[in-house]
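Below: the structure, in structure tokens.
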Amino acid sequence: GENVEQHPSTLSVQEGDSAVIKCTYSDSASNYFPWYKQELGKRPQLIIDIRSNVGEKKDQRIAVTLNKTAKHFSLHITETQPEDSAVYFCAAPDNYGQNFVFGPGTRLSVLP
Amino acid sequence: ETGVTQSPTHLIKTRGQQVTLRCSSQSGHNTVSWYQQALGQGPQFIFQYYREEENGRGNFPPRFSGLQFPNYSSELNVNALELDDSALYLCASSLSVGGAGETQYFGPGTRLLVL
């Protein structure tokens with residue numbers, strides 16, 4: 001089945017700096033990769049996603065890149081702000097293609 | 001915010017008891033997936049319901065069961081509760097048309113504590 005690894009587990013950056021979180025997956029047939037942000041005590045919130053027919057997608061300060069050959073995808077946050085502090089999860093479709101295997105999460109702290 | 005709702009928000013049970021958690025999917029969505037999220041971990045897939053049928057199951061024992069109703073809302077039932085069942089239970093709704101990789105939107109979750 002699909003296996004998703006995520007690094008780093010914790011990340012601290014100064015406000016205004018960039019943050020990068022990387023995930024690797026095992027199933028070469030996987031074709032859709034969402035990123036979720038989860039603030040303390042709240043639901044995971046979809047922040048960006050990418051399908052395998054593109055290599056990069058941007059939405060304001062957030063971007064995701066995908067390398068299908070190497071089977072990894074990364075979340076890039078530029079000009080970080082304190083409200084970006086949260087746990088970020090990547091995910092990839094499981095064997096059925098309908099549900100997702102989540103990475104273990106990255107706790108991002110943006111220091112003022 | 002998504003249109004996915006869950007009830008109750010919090011629940012305390014004792015070992016051996018049974019619990020039912022409820023989820024209303026976002027308008028227009030026909031699929032509900034359930035996840036268990038232990039403290040400090042990512043969500044773990046329990047099962048999915050599509051058109052009132054179970055459509056995939058993760059590595060959870062049979063005492064975890066579910067239902068989906070004609071209006072696409074869903075229930076998760078857990079029998080014979082164990083201490084390790086303490087977690088945040090999340091449902092996610094999506095619109096499935098048979099393809100892979102359907103975007104899932106999460107509800108706020110039910111936090112279950114088993115004593």
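Rounded to the nearest Hz, the phi-derived 3J(HN,Hα) couplings of segment A:35-43 under the Karplus curve 6.51 cos²θ - 1.76 cosθ + 1.60 (θ = phi - 60°) are 10, 10, 10, 10, 7, 4, x, 10, 6, where x marks glycine and proline.
Relative to the Cα centre, what is the charge dipole magnitude of chain B, using +1 at the beta carbon of each Lys and Arg, -1 at the beta carbon of each Asp and Glu, and rounding to the nearest 20 debye? In debye, rounded to 20, chain B gives about 220.
Working note: Karplus 6.51/-1.76/1.60 with θ = phi - 60° gives segment B:85-93 the couplings 7, 4, 5, 8, 9, 10, 10, 9, 10 Hz, where Gly and Pro are set to x.
Between B:L39 and B:S27, the contour length at 0.36 nm per residue exceeds the alpha carbon distance by 1.4 nm. Label separation (A:E56 vs B:N59): 3.7 nm, computed from points 7 Å beyond Cα along the C-beta direction. Near A:A70: Cβ cut-off under 15 Å, other residues only, Lys/Arg at +1 and Asp/Glu at -1. The net charge is 0.
Distance between the modelled labels on A:E79 and B:D84, one decimal in nanometres: 4.7 nm (7 Å Cα→Cβ projection). Note that segment A:64-73 has calculated 3J(HN,Hα) couplings of 10, 10, 10, 10, 5, 5, 8, 6, 9, 9 Hz, one per residue in order, obtained from phi through the Karplus relation 6.51 cos²θ - 1.76 cosθ + 1.60 (θ = phi - 60°); glycine and proline are x. Within the straight-line cut-off of under 24 Å between alpha carbons, the lysines reachable from A:K58 are A:K22, A:K37, A:K68, A:K71, sequence neighbours fewer than 8 places apart in one chain being disregarded.
Normalised by 2.2 N^0.38 Å, with N the number of residues, the alpha-carbon radius of gyration of segment B:1-87 equals 1.08. When a/c is below 1.5 the answer is rounded, else prolate if a/b is larger than b/c, else oblate, so apply that to segment A:32-112 with a ≥ b ≥ c taken from the square roots of the Cα gyration tensor eigenvalues. Oblate is the answer for segment A:32-112, as a/c is 1.5 or above yet b/c matches or exceeds a/b.
Straightening the chain between A:L111 and A:S26 buys 27.2 nm, computed as 0.36 nm per residue apart minus the Cα-Cα spacing. Applying the criteria of a DSSP loop state and at most 13 other Cβ atoms within 10 Å to the GluC sites (Glu not before Pro) of segment A:1-65 yields A:E15, A:E39. Label zone of B:R15 (point 7 Å out along Cα→Cβ, amide N under 17 Å): in segment B:72-89 this covers B:79-87. In summary, the aspartates and glutamates within cross-link reach of B:K13, defined as a Cα separation below 20 angstrom excluding same-chain residues under 8 places away, comprise B:E75, B:E82, B:D84, B:D85. Using C-alpha pairs below 8 Å separated by at least 6 residues, the relative contact order for chain B is 37 percent.
If the viscosity is 1.567 mPa s and the temperature 4 °C, what Stokes-Einstein diffusion coefficient in µm²/s follows for the protein assembly as shown when Rh is the Kirkwood radius over Cα pairs? Don't skip to the answer; put the middle values down first.
On the way: Rh = 18.0 Å.
Diffusion coefficient, whole number: 72 µm²/s.
What is the log10 of I(q)/I(0) for segment B:51-115, computed with the Debye formula using one identical point scatterer on each Cα and no solvent, at q = 0.15, 0.25 Å⁻¹? After summing over all Cα pairs, the log10 values are -0.58, -1.36.
Each reported figure results from applying straightforward, stated rules to the coordinates on display, with no laboratory input. Keep in mind that this is a model prediction, so the values were computed, not measured. When we count neighbours, we look across all protein chains shown, and the Cβ atoms used for this are built from the backbone with ideal geometry, even at glycine.
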